[in-house]
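Only one structure is covered here, and it is reproduced in the block below.
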Amino acid sequence: MSASGGTKAIVAALAANLAIAVAKFVAFLFSGSSSMLAESVHSLADSGNQGLLLVGGKKAKREATPQHPFGYGRERYIYAFLVSIVLFSVGGMFAIYEGYEKIKHPHEIEAWYWPVGVLVFAIIAETFSFRTAIKESNEVRGSLSWKEFVRRAKAPELPVVLLEDLGALVGLILALVGVSLAIATGNGVWDGIGTLCIGVLLILIAIVLAAETKSLLLGEAAGIDEVKKIEEALVDNETVTGIIHMRTLHLGPEELLVAAKIAVRHEDTATEIAAAIDAAEERIRTAVPIARVIYLEPDIHRDTKPAAPAQ
């Protein structure tokens, strides 16, 4: 994924959510629908989330300092984690509270054409936003399934926007069903049930986002394909004869640390080994351009396996 971190998808989602939030709140004022109030808060929370992602992307570009020698690439993970917290607390918990209150104290929906019209408009707007996120994700996910893409992506922005947009679309459909049933039956309880369903949906999405971003914050290794490329680039079968052990760690979505103990021939001189290390680093950076921090330790590899028993 590029350093832009899916900026186009984030901006598209931000613009859609701001417009939708205003429309939903106006519909709530005219209709008194709790689903519309929950959805307006949901869209407002999503707008704040997109703002957090943009701030995280900007802060991550700061230069490394003596106090933070590996830079600020993980700022993007921190802000993505904050998104999951906001989605859970502001969006999900508020919707559950509002749904409970509406079920406990139901009332008929007034001016039904406002919530229905706004929900139809919101579904159309969210569809365009979701389409943008899908298009950008397809450019970087390769042959991965959508589930694998969300699980394995090292840049958090696109998975966050994808899940947010998906949750928004499903939430809008739930709100439309709840409002329609409340209008058809004259029973406002259906509106409250729809609001409760929206809250549960948002909390489930927030939990998934929190789990994935927590893993990134703890520190994830390079992907399987990247590890294979690094291993192939390291060994030249001349000076570097093998890899004793190797560790990789994402310092940020586009910055990878590689640390390895490599096997060299015992007859090589220090000058030859130093040149081999420089060449190995160059090969790694060519094979995996995001491998920007590389530490290689040469050693004489000794086979410590026990000798096979005599036949």
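Data table
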| quantity | calculated |
| --- | --- |
| Cβ-based charge dipole, segment 75-174, positive-most Cα from Phe81, Val118, Trp146 | Trp146 |
| FRET E, pair Leu144, Ala275, Förster distance 51 Å, beta-carbon r, rounded to 0.05 | 0.85 |
| Over segment 214-275, relative contact order from alpha-carbon pairs under 8 Å, at least 6 apart, % | 30 percent |
| Qualifying aspartates and glutamates (Cα of each under 20 Å from Cα of Lys104; at least 8 residues distant if same chain) | Glu39, Asp191 |
| On Cα atoms only, tilt of 75-86 relative to the major axis of the chain in degrees | 30 degrees |
| Carbon and sulfur %, accessible surface of segment 32-105 computed with the full protein complex present, 1.4 Å | 68 percent |
| Accessible solvent surface per residue of segment 8-80, calculated while the other protein chains remain in place, 1.4 angstrom probe, Å² | 43 Å² |
| Protection-proxy order for peptides 288-295, 116-123, each taking the mean of Cβ atoms within 10 Å per residue, highest first | 116-123, 288-295 |
| Spacing of the two label points (7 Å from each Cα toward its C-beta) at Ile85 and Lys59, in nm | 1.0 nm |
| Listed peptides 124-135, 223-234 by packing density, highest first (mean Cβ within 10 Å) | 124-135, 223-234 |
| Dmax and Rg, reported as Rg then Dmax, of segment 194-311 (C-alpha, Å) | 21.0, 75 |
| Whole-Hz ³J(HN,Hα) from phi, Karplus 6.51 cos²θ - 1.76 cosθ + 1.60, for segment 60-74, glycine and proline x | 5, 7, 5, 6, 5, 10, x, 6, 10, x, 9, x, 10, x, 6 |
| Computed [θ] at 222 nm, deg cm²/dmol, the chain (DSSP H ≥ 4; -39,500 (n - 2.57); rounded to nearest 500) | -22000 deg cm²/dmol |
| Rounded if a/c under 1.5, otherwise prolate or oblate - segment 59-131, Cα gyration tensor axes | oblate |
| Percentage relative contact order, the chain, counting C-alpha pairs under 8 Å, at least six apart | 21 percent |
| Set of aspartates and glutamates near Lys214 by C-alpha distance (under 20 Å), chain-local residues within fewer than 8 positions excluded | Asp46, Glu75, Glu148, Glu157, Glu164, Glu254, Glu255 |
| Value in Å of the Kirkwood radius, where segment 192-233 supplies the Cα pairs that are averaged | 13.0 Å |
| Dipole of segment 130-200 [Lys/Arg +1, Asp/Glu -1 at C-beta], most positive-end residue of Ser137, Leu162, Val189 | Ser137 |
| For the chain, convex hull volume per residue from C-alpha positions, Å³ | 177 Å³ |
| Whole-Hz ³J(HN,Hα) from phi, Karplus 6.51 cos²θ - 1.76 cosθ + 1.60, for segment 242-248, glycine and proline x | x, 10, 6, 7, 8, 10, 10 |
| Mean projection area, nm², convex hull over Cα of segment 67-215 | 10.5 nm² |
| Sequence-separation-based contact order of segment 9-155, relative, with Cα cut under 8 Å and 6+ spacing, percent | 32 percent |
| Sites Met93 and Lys8, calculated FRET efficiency, Cβ-Cβ separation with R0 30 Å, nearest 0.05 | 0.45 |
| Cβ-Cβ FRET estimate between Ala211 and Ala111, R0 fixed at 35 Å, reported to 0.05 | 0.30 |
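The values are calculated or read from the model by the stated rules, or taken from the named source; none is laboratory data. This is a predicted model, so every value here is computed, not measured. All Cβ positions, glycine included, derive from the backbone under ideal geometry; neighbour counts span all protein chains shown. Just so you know, the surface numbers come from the protein's heavy atoms only, side chains and all, with ligands and any DNA or RNA stripped out. Shrake-Rupley method; radii C 1.70, N 1.55, O 1.52, S 1.80 Å.
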